[in-house]
């Protein structure tokens, strides 16, 4: 049994995780600990202040006691708003406190882009423009060519209520003909049931935050899982080791 641990802010799309667990197989367990959402996460000031590494380190103890093999901080903006170095420090503190491999959704996107062997991506974010641009900057820090950024604005609570129609609309508005993949970074987007439809619509891989978060935990645990229902990312082997 491989146990994957996640620190998830709020409840917007937390039901993606048991759905993904069902698609992965009976020997993988997904454990979720909810963190304090605090103020609206789609603002730079509250996002940077609301997920201090010390608080995450305290909350990870529940996952450690549950026997998790790896832990991922499941907030994309909660990592990248700190910049590359700040996000690395956050993950390092989390790993030290947990006593296990640790990462964040932000780095999960970077590693997933490498896994797909693509360089040019488009970003579709249910963020304000300034936050979306910080995500693009984070990706560029690793050499990813971000060819377009679309920010739909809105709140985490609103994005959590979106269905397939809204996700498809975001994907269409965000795609770019030069992009080899589309990235949808918000962990408040409920996407686990819709990735095949999104990829069919665009004709290219689509990386979504909760999908990438679970894949990143599997990478840390050195597990390979073939789950086509979760998109192109879960049909490639081997998982990149970095």
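Filter the range 61-71 down to the residues that are touching a helix residue (DSSP H, G or I) at 6+ places or on another chain (Cβ under 9 Å) and touching a residue at least 60 places away in the same chain (Cβ under 8 Å), then identify the one that is surrounded by the fewest Cβ atoms within 10 Å (Cβ to Cβ). Checked the range 61-71; the qualifying residue surrounded by the fewest Cβ atoms within 10 Å (Cβ to Cβ) is 69.
The single residue among 58, 87, 74 that is touching a residue at least 24 places away in the same chain (Cβ under 8 Å), within 22 Å of residue 10 (Cα to Cα) and exposed (fewer than 15 other Cβ atoms within 10 Å of the Cβ) turns out to be 58. From the list 78, 108, 124, the one residue that fits, being at pLDDT 95 or above, closer than 21 Å to residue 16 by Cα, in a helix (DSSP H, G or I) and touching a helix residue (DSSP H, G or I) at 6+ places or on another chain (Cβ under 9 Å), is 108. For the range 12-25, the set of residues classified as under 15 Å from the mean Cα position of the chain (by Cα) and without any contact (Cβ under 8 Å) to a residue 24 or more places away in the chain consists of 14 only. Within the range 168-190, the only residue that satisfies the criterion of being more than 16 Å from residue 150 (Cβ to Cβ), more than 10 Å from the chain's Cα centre (by Cα) and buried (at least 23 other Cβ atoms within 10 Å of the Cβ) is 190. For the range 99-129, a residue qualifies if it is more than 16 Å from the chain's Cα centre (by Cα), farther than 14 Å from residue 148 by Cα and in contact (Cβ under 8 Å) with a residue 24 or more places away in the chain, and the qualifying residues are 99, 100, 101, 118, 128. Just one of the listed residues (223, 172, 190, 219) is touching a helix residue (DSSP H, G or I) at 6+ places or on another chain (Cβ under 8 Å) and part of a loop (DSSP other than H, G, I, E, B), namely 190.
Among all residues of the range 157-164, there is at least one that is buried (at least 22 other Cβ atoms within 10 Å of the Cβ) and more than 14 Å from residue 207 (Cα to Cα). Of all residues in the range 148-163, those that are more than 19 Å from residue 176 (Cβ to Cβ) have Cβ atoms under 7 Å from Cβ atoms of residues that are modelled with pLDDT under 80, 6 or more apart or on another chain, in 155/40; 155/42; 156/40; 156/41; 156/42.
Considered as a group, the residues in the range 132-156 that are at pLDDT below 95 and over 18 Å from residue 206 (Cα atoms) include one that is surrounded by the fewest Cβ atoms within 10 Å (Cβ to Cβ), and that residue is 153.
The values are calculated or read from the model by the stated rules, or taken from the named source; none is laboratory data. Keep in mind that what you see is a predicted model, and the values were worked out from it rather than measured. Backbone-built Cβ (ideal geometry, glycine too); neighbour counts: all protein chains shown.
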